[in-house]
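The structure under discussion appears below in the form of structure tokens.
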Amino acid sequence: LRKPILDSLSKTPYTPQETSTISVKSTLESLLSIESPVKDFALACALLSSSRCSTHELLTWIPSQLSTAAEIAFSDLSQAYNDALPGHEKRNLAGELLPEILPVLKDKIKESSIDKSDETDEFSAASARAPVGFAILAAYQFRWFVSQIEYPDLGKMIILVVPCALTCLDHWSPEVKGQGMISFIQVAKNVKAVELDSYGDVILDACCQNIASDDEIWQYVVEMSVLLVTCIQRDNPRSLWFEKMLNEMLSHLERQPRNKERRVAWLKLIEPIFNSIGLLILAHIRRIFPLFFQWMHVDDDETILLVLKRVQTVVRLTWLRHTPYVERLLDELVVLFKEAALRKAREAIRTDICNLLIMLQQCKGLQFERAWNKHQDDPNLTSLACNLSASRE
């Protein structure tokens, strides 16, 4: 299986980037050599396949046909392995190799990590010990192996996977961190909550420590954090981890409220935390609503529609009890209803606003009516007024 891949690899043009201190092609050739064991062949396939989902300079030179050849070869090896097993027993070859491979990858990643016990150990010192490129390759290989294993097999390997994933998150390179985050996302989706209990606090602390991540991995850290905290703290809405995580995220968003990618990712992914803590969202209302009000009027229809959906969630879960924002929310929605006339998503925005106002009308009663009185005769709100009147009947 290895010879066709090695032949194709040798014909593939490769010019290392000037900033690179390692040769990825040489690394692959070493892993594919005749003397190498099966685990090295698997590591080569993992690296070649990983190039599909990477834009990093270390992997972008790998052509798609070489990635495909590696994936087919590993699949053929897995089939041959299972055919050799007695009876009809089926095993996951990637999972079988994990105990041998993960300690090696973890050590590779750790080589260029910052030594936190040494106050003088910065990025340059860490990279001097070992080029960070090796950690990046190892992180991609790790993520690939984890992605090959699903429920229920992944739960049996948590003792191997979690320490390696935490090592990725602890690294200074965003590229390494990102692969660790993707691995944790796979874990959260494919293990039972009880299987993570013994690592719960350590994992959630790592999530919080990484929330202030670079733009390119913000979506991963939010998705990872939301999935893990709702999994690990599933029956404990009063958990301090929910509070700490939300506070960290909100602090980061408050510092960069105009960053479209960050706000869109957060608005898309935060819903499970809202649903998990329910009425306790009220403790964060004074930070959430100012952001919502600002985002309602950005030049981005996607953000506006997402904000309206999240406001609906907050209203549904809390009925805005004991909050000072009912009148302000109504006023902001009225302004947005008028602004929507010039937007492409006009109908969708106005429909969501109408649904929201009906929810407010139902849950706030007289308080809503008093706030609505100043708007009900506005000629630009005739259709809205008609819908509200109909909902009263």
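The values are calculated or read from the model by the stated rules, or taken from the named source; none is laboratory data. None of the values given here were measured: they were computed from a predicted structure. Because the Cβ atoms are built from the backbone with ideal geometry, glycine has one as well, and the counts that use them run over all protein chains shown. In case anyone asks, the SASA skips ligands and DNA or RNA and just uses the protein heavy atoms, side chains included. Shrake-Rupley method; radii C 1.70, N 1.55, O 1.52, S 1.80 Å.
Assorted remarks:
- The range 291-393 shape via C-alpha gyration tensor axes, a/c threshold 1.5: oblate
- C-alpha long axis of helix 301-318 to longest principal axis of the chain, angle in °: 70 degrees
- Centre separation in Å (Cα based) which lies between the range 1-22 and the range 160-210: 31 Å
- Whole-number accessible area per residue in Å² for the chain, which is evaluated in the context of all protein chains at 1.4 Å: 47 Å²
- For the range 37-111 versus the range 336-377, the gap between their alpha-carbon centres in whole angstrom: 54 Å
- Unsatisfied cross-links (Cα-Cα over 27 Å) in the set Lys11/Lys177; Lys25/Lys189; Lys338/Lys364: Lys11/Lys177; Lys25/Lys189
- Packing, as the average of other Cβ atoms within 10 Å across residues, places the peptides 139-146, 12-19 in the order 139-146, 12-19, highest first.
- The dipole here belongs to the chain: it is taken about the Cα centre, uses +1 on the Cβ of Lys and Arg and -1 on the Cβ of Asp and Glu, and is about 1160 debye.
- The alpha carbon gyration tensor of the chain gives principal lengths a ≥ b ≥ c with a/c of 1.5 or higher and a/b greater than b/c, which makes the shape prolate.
- In terms of its C-alpha gyration tensor, the range 121-253 comes out oblate, because a/c is 1.5 or above while a/b does not outweigh b/c.
- Over the chain, dividing the summed -39,500 (n - 2.57) contributions of all DSSP H runs of at least 4 residues by the number of residues returns a 222 nm mean residue ellipticity of -21000 deg cm²/dmol.
- When you count the other C-beta atoms within 10 angstrom of each residue and take the mean per peptide, 316-325, 180-189 line up highest first as 180-189, 316-325.
- Sulfur and carbon atoms: percent of accessible area, the chain [1.4 Å]: 51 percent
- When the charge dipole of the range 295-393 is built from unit charges on Cβ atoms (+1 for Lys and Arg, -1 for Asp and Glu) and taken about the Cα centre, the candidate among Val326, Pro379, Ile304 whose Cα reaches farthest toward its positive end is Val326.
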